[in-house]
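Written below as structure tokens is the structure these notes are about.
The values are calculated or read from the model by the stated rules, or taken from the named source; none is laboratory data. All of these numbers come straight from a predicted model, not from anything done at the bench. Heads up, the Cβs are rebuilt from the backbone with ideal geometry, glycines too, and the neighbour counts pull from every protein chain shown. These area figures cover heavy atoms from the full protein model, side chains too; ligands, DNA and RNA do not enter into them. Shrake-Rupley method; radii C 1.70, N 1.55, O 1.52, S 1.80 Å.
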Amino acid sequence: MKTNRRIFVKQGVLGATGLLLSSQASAYSRILGANDTLRFAVVGLNGRGKALVRAIQAVPNTEITHLCDVDSVVLEKAKAYTIEHGSKAPKTVIDYRKLLEEKDIDVIAIATPDHWHAPMTLMAVQAGKHVYVEKPCCYNPEEGEMLIEAQKKYGKLIQMGNQQRSGLASIEAIQDIREGIIGEVYHGKAWYANTRGSIGKGKEIAVPEHLDWDLWQGPAPRMPYKDNYVHYNWHWFEHWGTGEINNNGTHEIDICRWALGVDYPTKVSSSGGRYHFKDDWEFYDTQIANFEYEGGKMITWEGRSCNGLQFFQRGRGVTLHGTNGTILLDRNLYIVYNHKGEEVKWVKEGVESATTNTVGMGGLDVSHMNNLANGIRNGEVLNSPIDDGYKSNLLCHLGNISQKVGRVLNINGNNGRILNDKKAMKMWSREYEPGWEMKV
């Protein structure tokens, strides 16, 4: 009964806080007036783009003025979806470069394939736009470093889409850790488990008439079209994607890094492979990556893309282990255990979010987008500014690089760069299609 009451009280507090934030934002929007409405464009609309549309619509005093996608069928469906959920008819654009010429856009929200994230973000801030970019913020480490440089040079805000950073329960968990609720926290275990099917063996076919394949590839060197690339399986091809560790591991690895209060590791190792199916999938359906830090701290990520057996009845989440107990934390719940395994605190997130589907829509998207809007309007500190979000993204890249070269990487703990390994450092950057090179 005491536990139930504690849950009720805590949920009431979280709900009241959410109402307060909403009320403050609404009051501020009235002060701004119609001329100060934040005008958004959303780019990449087949999956996460829908979640970003709904998040923007839920933030007070915003308007979606433009939608952009290289697939005309997806673009028209997204336009209808946006109107259906309350927005005026937005303009539609296929070529992102033309979108940048539009003057009536304040913020660009990016949910494209990974190889486009950093180039689009760079182009946006150079055009005077603020940016919400889905994770991973960069296709490789060099691009992340360039985005940090660009943010400083052009002065526009860049928020990375690791939305759990804006969850009230997660924020409370981190504050409790800082105050010593589980003693000295030294290990974070992150996991993701799903039951993805085989992507088969692709065949070269004619590009669908509704898809601009050249623009879809954008900054990536040109490849012939195959029938198992678009719209989702590109995640598993090295030419455009960054694997499950970047696709989903970024979120939980980020929470572990936040909880442990660490930035760059000193050692990174990874093992695993493509075990479940024999197909075109180029990354790993099974991967265990370890990140070691000075001072006796470590993060471990376990990814199983094709075997969805859950830990703690959760397809994704983290456990944070300290000298006086353990915390279990996911997008929707926070539990503290003592060393006897007894629950001593239980906090439910005030809003619900999806966990393992391909859209991942939920209340945390709204909170994170609202944080960016408040950052633009009144200087509120971003919960995941690009210089911090990149550090978590970098861990995922280092995990893949370690896996690729088949050895432990020694890392400069001051800047995250790989030490004394020329082969590994070749993966720090990429070759671009001529004319698409990133230049800050």
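Putting +1 on Lys and Arg Cβ atoms and -1 on Asp and Glu Cβ atoms, find which of A150, N307, G241 reaches farthest to the positive end of the dipole of the chain.
Ranked along the dipole, the leading option is N307.
Can you tell me the dipole magnitude for the stretch 189-228 around its Cα centre, using point charges on the Cβ only (Lys, Arg +1; Asp, Glu -1), in Debye to the nearest 20? Intermediate results must be reported in sequence, preceding the final value.
Working: 6 positive and 5 negative charges, 84 e Å.
So the magnitude is around 400 debye.
With a probe of 1.4 Å, find how much accessible area the stretch 112-165 has per residue, and write the answer as a whole number in Å². List each step's numbers first, then the result.
Values: 1260 Å² over 54 residues.
On a per-residue basis, 23 Å².
Once you list every other residue whose beta carbon is under 12 Å from the beta carbon of V74, what net charge do they have if Lys and Arg are +1 and Asp and Glu are -1?
On the way: positive: K50, K77, K79; negative: D69, D71, E76, D212.
Here the charged neighbours net out to -1.
In debye, nearest 20: dipole of the stretch 282-374 around its Cα centre with unit charges on the Cβ of K, R (+) and D, E (-)?
On the way: 8 positive and 11 negative charges, 53 e Å.
Its charge dipole is roughly 260 debye.
Structure shown: which of K201/K423; K50/K189; K201/K278 lie over 19 Å apart, alpha-carbon to alpha-carbon? Intermediate values should be presented prior to the final figure.
Numbers: K201/K423 29 Å; K50/K189 30 Å; K201/K278 9 Å.
Over 19 Å apart, Cα to Cα: K201/K423; K50/K189.
For the chain, what is the calculated [θ] at 222 nm in deg cm²/dmol (nearest 500), taking -39500 (n - 2.57) for each run of four or more DSSP H residues and dividing by its residue count? Write down the numbers at each step before the final one.
Details: 12 runs with 150 residues, N = 440.
For the chain, the value works out to -10500 deg cm²/dmol.
Among I327, W213, A424, pick out the residue whose Cα is farthest towards the positive end of the charge dipole of the chain, where Lys and Arg carry +1 and Asp and Glu carry -1 on C-beta, about the Cα centre.
I327
Between G379, L99, N140, whose Cα lies farthest towards the positive end of the dipole of the chain when Lys and Arg beta carbons carry +1 and Asp and Glu beta carbons carry -1, centred on the Cα centre?
The Cα lying farthest towards the positive end belongs to G379.
Under a 1.4 angstrom probe, counting protein chains only, how are E252, E437, E431 ranked by accessible area, largest first? Before the final figure, lay out each step's value.
On the way: E252 5, E437 90, E431 150 Å².
Per-residue accessible area, sorted high to low, gives E431, E437, E252.
How large is the accessible surface of V262 in square angstrom, using a 1.4 angstrom probe and rounding to the nearest 10?
Roll a 1.4 Å probe over it and V262 shows about 20 Å².
Only bridges whose two residues both fall in the chain count here: according to DSSP, what percent of them are antiparallel, nearest 5?
On the way: 44 of 71 bridges.
Among the beta bridges of the chain, antiparallel pairing accounts for roughly 60 percent.
Hey, can you list the DSSP H helices of the chain whose Cα span along the axis is 24 Å or longer and whose average Kyte-Doolittle score is at least -0.5? Don't skip to the answer; put the middle values down first.
Working: long enough: 2-32 (45 Å, 0.18); 386-405 (27 Å, -0.25).
Span-like helices, by this rule, are 2-32, 386-405.
Is there a quick way to get the dipole size of the chain? I mean about its Cα centre, with the Cβ of Lys and Arg at +1 and of Asp and Glu at -1; what is the value in debye to the nearest 20? Walk me through the intermediate numbers first.
Values: 51 positive and 51 negative charges, 160 e Å.
With only Lys, Arg, Asp and Glu charged at Cβ, the dipole is about 780 debye.
Sort out the exposed loop trypsin sites (Lys or Arg not before Pro) in the chain (DSSP loop, at most 11 other Cβ within 10 Å) and tell me the longest stretch that has none.
Details: sites that count: K88, K103, K201, K203, R222, K278, K340, K439.
Counting only loop sites that pass the neighbour cut-off, the longest clear stretch is 341-438.
Aspartates and glutamates near K77 by alpha-carbon distance under 20 Å, same-chain residues fewer than 8 away left out - which ones?
Qualifying aspartates and glutamates at Cα under 20 Å: E63, D69, D95, E209, D212.
D for the stretch 257-400, whole µm²/s, Stokes-Einstein with Kirkwood Rh over alpha-carbon pairs at 37 °C and 0.692 mPa s: what number? Provide the component values of the computation, followed by the final result.
Numbers: Rh = 17.7 Å.
Approximately 185 µm²/s, per Stokes-Einstein.
How large is ³J(HN,Hα) for each residue in the stretch 202-218, as worked out from phi by the Karplus curve 6.51 cos²θ - 1.76 cosθ + 1.60 (θ = phi - 60°), to whole Hz, x for Gly and Pro?
So the Karplus estimates, Gly and Pro as x, are x, 10, 5, 9, 5, 5, x, 4, 7, 10, 8, 5, 5, 5, 4, 6, x Hz.
Relative contact order of the chain: what whole-number percent is it, with Cα pairs under 8 angstrom and at least 6 residues apart? Mind dumping the intermediate values first?
Numbers: 915 pairs, mean separation 88.0, N = 440.
Relative contact order, the chain: 20 percent.
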